[in-house]
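Take a look at the structure below.
The values are calculated or read from the model by the stated rules, or taken from the named source; none is laboratory data. This is a predicted model, so every value here is computed, not measured. Cβ coordinates were reconstructed from backbone atoms using ideal geometry, including for glycine residues, and neighbour counts include every protein chain displayed. Ligands, DNA and RNA are excluded from the accessible area calculation, which covers all protein heavy atoms including side chains. Shrake-Rupley method; radii C 1.70, N 1.55, O 1.52, S 1.80 Å.
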Amino acid sequence: MRRVWSSTETLAALLLLLPLLAVPWAFKPYAANVLAVYMIYGILALSLTLIWGYAGIMSFGQTAFFGIGAYAYGAIGLNWINRTQQTHAALVGGLVAAALLAAVVGYFMFYGRISDVYASIITLALTLVLFAFAVSTGGDEWVIGVARFGGFNGMFGQGESSQNIANFQIPPVTVWLPGMAEPFQFKINRESAAGYFLVLGASVLVYVVVRWLLRVRLGRVAIGIRENEARVASLGYDTRFYKFALFTIAGAIAGLAGILFAAWGRFVNPDRFGLGFASSTVVYVLLGGRTSLLGGFVGAAIIGYLTSYLAEIVPFATIPGDATPWMRFLMEAGRRIVREAPLLVQGAVLVGIVLALEDGVTPPLSRLLTRYRRWAWWVLLPVVVLYFAHRVACLQADWCLF
Amino acid sequence: MPERILEVASLTKHFGGLRAVHLDLTVDAGELRCLIGPNGAGKSTFFRMLSGAMRPGSGTVRFRGRDITGWDAFRVARLGMSIKFQVASVLEELSVRDNLHLAAEFRFGNRAGQRRAAAMLEVIGLTERADHPATWLSHGEKQWLEIGMASVGEPALILLDEPTAGMTAEEMKKTVRLLKRLNEAATVIVVEHDMNFIRMIAGRVTVMHQGEVFAEGSMEEIERNDGVRDIYLGKGSHYVVRR
Ligand SMILES: Nc1ncnc2c1ncn2[C@@H]1O[C@H](COP(=O)(O)OP(=O)(O)OP(=O)(O)O)[C@@H](O)[C@H]1O
Ligand SMILES: [Mg+2]
């Protein structure tokens, strides 16, 4: 009989969720804002994990669906927000646009008998074509209703100077259901962390849904396809359909991440289709672990943290006067590399981690957690809880021990 | 007269200039047929074409009265033909149970598929290893798992390409019993090199050579056939060299 309450999974869930739930009270709104975008990238990375890690189909341009979701949410949201005060249609529209694009591309890839090897190239080409297109939409003619595509500057709502309406931004996720006195906006600021909890909730939901998908037939067949596609076909499964279905679902999940992104920053520009973002997504998955559903989140958080950390530190800011010329040179070089080429440092760290742990960081972490489950349960978890409780007490009521 | 479950007419496959297969063959429902022939005779190529894993160059395949030439593998499987390929192709990272479950599920659904998988675990004697990843199995155990996967969906025709490769004599005897049991419910065609195995199976034997049917008959008739002895034991002596 397996004891549910003491299983590693419950433990991991508590270790992750308790702090995440406390963040808006334990830190300044900035922290919630940053974590939200890590989680949004994590959802995108999870969609790649699903088809790459489980079905073995590499989609280098998963960002195409992210970007389409973001732009569709923006275009519909900008047009409807002032008339209806909510973004329901924009949410649905963003999801449908991403799923539809994925379905069309998936149909041609899998039913067109194109080898899966080309999936990465086709999706990459797709996202780069969309990038080029989005960049070229700077002109006045690129409008849908009041939504201006804005080329490289990103999407915004066009005001009407004759009626004294200023330009406006993509709306946050806004719901106004029957029975509600006024619309509710999911924002992240000093007053509200609703936007943060929306993203957290979406992450948990997507994680749970994907886990479930992997347990039902679709997921089992997907894993079979990764292992040996011809064998699975000879067992009676139309593998094209399963790949198509999974690819479409992954596209929709990426689209959801895009929607949340546009609503989070109230902004989207062509960079979301760009090569940099596409490869970052692959790196999140590689770093976090391709076979772990949490991997994408872990990878996105590590890279995000590393990036902002490297942007702040200045190693060897002062060079001691008695240093030898060689030391001087090394310190100077060290400072310059970190300051002026943080990507280089980031890349080096990544290569190191990926070489050292070929499955990424999440699987070894979860093995550690399983091995030291008792310690984690009776020591680590209480420490984490106490730490966050103290943070909350300190920030909210000024009860600070240190 | 028994029903003809499989009728193959001038089925041909070329690889470059090599004509790997060119044959006519019929199999009656309920048979346990052995297909033998020296290395490179075209047995595996023939099986792959039957099962839809490889497209034939020309010719026709009729299975259960329908022309299935050029069908996709999954449709052939749904019509009731299953195959165990020559190269081991269990799904290595799935558990033994999940391998069988996947093989049963397309036909019986999730729940019934689970029951069938559990029953098949008993039949192939792998119940104790049910939750191990298939990659942990020994060579012989993998072969049994493959046989289990090929038969758990209750197909009408089972193609087995060298199911005893790498087995000990004892394991082979067990496999013979297993095949006879499967044959009670399905027609079976089995490719084998081991003459002892074929004697124990005691079914009709078809000998392939250079892609064609060279001889056909009972094992006694085949063993009396000088031509067969020549292709096996003649120049090059493939059979002896093997393994
Ligand atoms: N994909 C392929 N491309 C080119 N030639 C092939 C291919 N598959 C098989 N052949 C050739 O076709 C011939 C028949 O091969 P096949 O594997 O069907 O023989 P077999 O009777 O199964 O032999 P064995 O007893 O060694 O398994 C051989 O000469 C082989 O080299
Ligand atoms: Mg062969």
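Values as computed for the structure displayed
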{"read-out": "Helix-only mean residue ellipticity at 222 nm for chain B, each DSSP H run of n ≥ 4 adding -39500 (n - 2.57), per residue, nearest 500", "value": "-11500 deg cm²/dmol"}
{"read-out": "Derived scalar couplings ³J(HN,Hα) [the range A:85-97; Karplus, 6.51 cos²θ - 1.76 cosθ + 1.60; whole Hz; x for Gly, Pro]", "value": "6, 9, 10, 4, 4, 5, 4, 5, x, x, 5, 5, 4"}
{"read-out": "Förster radius 30 Å - calculated FRET efficiency between A:L395 and A:T8 (Cβ-Cβ, nearest 0.05)", "value": "0.45"}
{"read-out": "Phi to ³J(HN,Hα) by Karplus 6.51 cos²θ - 1.76 cosθ + 1.60 over the range A:395-402, Hz, x for Gly, Pro", "value": "6, 8, 10, 6, 8, 9, 7, 8"}
{"read-out": "Built amide H within the under 5 Å cut-off of B:G57, gap 5+", "value": "B:T12, B:K13, B:H14"}
{"read-out": "Charge dipole (debye, nearest 20) of the range A:30-270; +1 at Cβ of Lys and Arg, -1 at Cβ of Asp and Glu", "value": "640 debye"}
{"read-out": "Listed residue (B:G203, A:L213, A:A311) projecting farthest to the positive dipole end of the protein assembly as shown, Cβ model", "value": "A:L213"}
{"read-out": "Distance from the range A:282-331 to the range A:234-251 (C-alpha centre basis), Å", "value": "39 Å"}
{"read-out": "With 10 Å bins from 0: P(r) over the range A:30-270, alpha-carbon pairs, percent", "value": "8, 30, 32, 20, 8, 2, 0"}
{"read-out": "Shielding by partners - mean other protein chain Cβ count within 10 Å, residues of A:222-232", "value": "6"}
{"read-out": "Size of charge dipole - chain B - debye, nearest 20, with Cβ of Lys, Arg +1 and Asp, Glu -1, no other charges", "value": "320 debye"}
{"read-out": "Of B:T168, B:M219, B:V191, farthest towards positive along the dipole that unit charges on Lys, Arg, Asp, Glu beta carbons give chain B", "value": "B:V191"}
{"read-out": "Relative contact order [Cα under 8 Å, 6+ residues apart], the range A:292-402, whole percent", "value": "23 percent"}
{"read-out": "Computed [θ] at 222 nm, helices only, for chain A once each DSSP H run of length n ≥ 4 contributes -39500 (n - 2.57)", "value": "-21500 deg cm²/dmol"}
{"read-out": "Paramagnetic reach from A:I337 (point 7 Å along Cα→Cβ, amide N under 16 Å) across the range A:345-359", "value": "A:345-353"}
{"read-out": "Test item: Cα-centred dipole of chain A, Lys/Arg +1 and Asp/Glu -1 on Cβ, debye", "value": "1160 debye"}
{"read-out": "Dipole axis of the protein assembly as shown (+1 Lys, Arg; -1 Asp, Glu on Cβ), positive-most option in A:V232, A:V129, B:S51", "value": "A:V232"}
{"read-out": "Nearest-0.05 FRET efficiency for A:L355 and B:A29, computed from C-beta distance (R0 60 Å)", "value": "0.55"}
{"read-out": "Low-density loop cleavage sites - chymotrypsin sites (Phe, Trp or Tyr not before Pro) in the range A:97-143, where at most 16 other Cβ are within 10 Å (DSSP)", "value": "A:W142"}
{"read-out": "In Hz, Karplus ³J(HN,Hα) per residue of the range A:317-323 (6.51, -1.76, 1.60; θ = phi - 60°; x = Gly, Pro)", "value": "4, 10, 9, x, x, 8, 5"}
{"read-out": "Added length on full extension, which subtracts the Cα-Cα distance from 0.36 nm per residue, A:N167 to A:S308", "value": "47.7 nm"}
{"read-out": "Gyration tensor verdict on the range A:338-402 (Cα atoms; rounded if a/c is under 1.5, prolate if a/b is larger than b/c, oblate otherwise)", "value": "oblate"}
{"read-out": "Unmatched cysteines, the protein assembly as shown - criterion: no other Cβ of a Cys under 4.7 angstrom", "value": "B:C34"}
{"read-out": "Amide H partners (placed H, <5 Å) of B:K84, local residues excluded", "value": "B:L159, B:L160, B:D161"}
{"read-out": "Percent RCO, i.e. relative contact order, over the range B:4-231, from Cα pairs under 8 Å lying at least 6 residues apart", "value": "27 percent"}
{"read-out": "R0 of 41 Å, Cβ-Cβ distance A:V96-B:W136: FRET efficiency to nearest 0.05", "value": "0.40"}
{"read-out": "Antiparallel bridge percentage (DSSP; both residues within the range B:104-220; nearest 5)", "value": "50 percent"}
{"read-out": "Over 29 Å between alpha carbons, listed pairs B:K43/B:K180; A:K243/B:K142; A:K187/A:K243; B:K13/B:K173; A:K243/B:K174", "value": "A:K187/A:K243; B:K13/B:K173; A:K243/B:K174"}
{"read-out": "Aspartates and glutamates with Cα under 20 Å of A:K28, excluding same-chain neighbours fewer than 8 positions away", "value": "A:E191, A:E312, A:D398"}
{"read-out": "Summed buried accessible area for A+B [probe radius 1.4 Å, Å², rounded to 100]", "value": "1900 Å²"}
{"read-out": "Heavy-atom accessible surface of the protein assembly as shown: percent carbon and sulfur, 1.4 Å", "value": "61 percent"}
{"read-out": "Amide H contacts of B:E212 (H built 1.01 Å from N, under 5 Å, at least 5 apart or other chain)", "value": "B:H22"}
{"read-out": "Antiparallel %, DSSP beta bridges [both residues in chain B], to 5", "value": "60 percent"}
{"read-out": "Net charge over other residues, Cβ less than 11 angstrom from the Cβ of B:G65 (K, R count +1; D, E count -1)", "value": "+1"}
{"read-out": "Diffusion constant of chain A at 20 °C, which comes from Stokes-Einstein with the Kirkwood Cα-pair radius and 1.002 mPa s, µm²/s", "value": "93 µm²/s"}
{"read-out": "Antiparallel bridges, percent of DSSP beta bridges restricted to the protein assembly as shown (to nearest 5)", "value": "65 percent"}
{"read-out": "Extension reserve of the A:V117-A:T324 stretch, reckoned as 0.36 nm per residue once the Cα distance is removed", "value": "69.1 nm"}
{"read-out": "Simple spin-label estimate for B:T168 and A:R83 in nanometres, 7 Å along Cα-Cβ", "value": "7.9 nm"}
{"read-out": "Accessible area expressed per residue, the protein assembly as shown, with surrounding protein chains retained (probe 1.4 Å, Å²)", "value": "48 Å²"}
